[in-house]
1. With a 1.4 Å probe and all protein chains left in place, how much accessible area per residue does region 21-146 have, in Å²?
2. State, as an integer percentage, the relative contact order of the chain based on alpha-carbon contacts under 8 Å between residues 6 or more apart.
3. With runs of 4+ DSSP H residues as the only contributors, calculate the mean residue ellipticity of the chain at 222 nm using -39,500 (n - 2.57) per run, divided by the residue total and rounded to the nearest 500.
4. From the gyration tensor of the Cα coordinates in region 1-58, what semi-axes in whole Å does the equivalent ellipsoid have, largest first, with each one equal to sqrt(5λ)?
5. Could you check how much of the accessible area of the chain is carbon and sulfur, as a whole percent, using a 1.4 Å probe?
6. For region 95-146, what mean projected area does the convex hull of the alpha carbons give, in nm²?
7. Need the full-extension length gain, Ser115 to Leu9, defined as separation in residues times 0.36 nm minus the C-alpha distance. One decimal, nm.
Amino acid sequence: MLLMRARWLVATLWAGSLWTVGYLVAPTLFATLSDRVLAGTVAASMFRSEAWLSIACALLMLALLQGASIEAGRRRGLCWIATAMLACTLVIHLGLQPMMAALRETAGAAGVLESAARARFGMLHGVSSVFYLLQSVLAGLLIVRL
């Protein structure tokens, strides 16, 4: 019973943080701040923190599932979902975000959207958004299947 509650707590924290940062906080930053470079910098910092929280939640969830007294097929499915969510985080945080940060850095004070790297940044941002959306959908699936 305690392990089940811990799994629910971790899944809720994980999904809630993903949905809050990605679909509430980041859009609010861009809608509220007149300086898009500042909004992007703050959003990038928040997504970095979210990535570390996601990694911690994934590892904790996988550990909690190993000791779970649930049917093997269901446990395997839940482990697959948590692993896929972790993979999305790693692709974004270790693969795409460093490239986007480098483009922001080389763009200077005018911002990446005013630089020659605008198209490349837009493509990386789009790919990152698709992985984030996939992770967000998987988070809902994790909660439903728990």
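The values are calculated or read from the model by the stated rules, or taken from the named source; none is laboratory data. The shown structure was predicted, so the numbers you read here are calculated from the model rather than taken from an experiment. Note: areas computed on protein heavy atoms with side chains; ligands, DNA, RNA excluded. Shrake-Rupley method; radii C 1.70, N 1.55, O 1.52, S 1.80 Å.
1. It amounts to 55 Å² per residue over region 21-146.
2. Computed over the chain, the figure is 32 percent.
3. Estimated from H runs of four or more residues: -27000 deg cm²/dmol.
4. 29, 11, 5
5. Whole-percent figure for carbon plus sulfur exposure: 71.
6. 4.1
7. 33.8 nm
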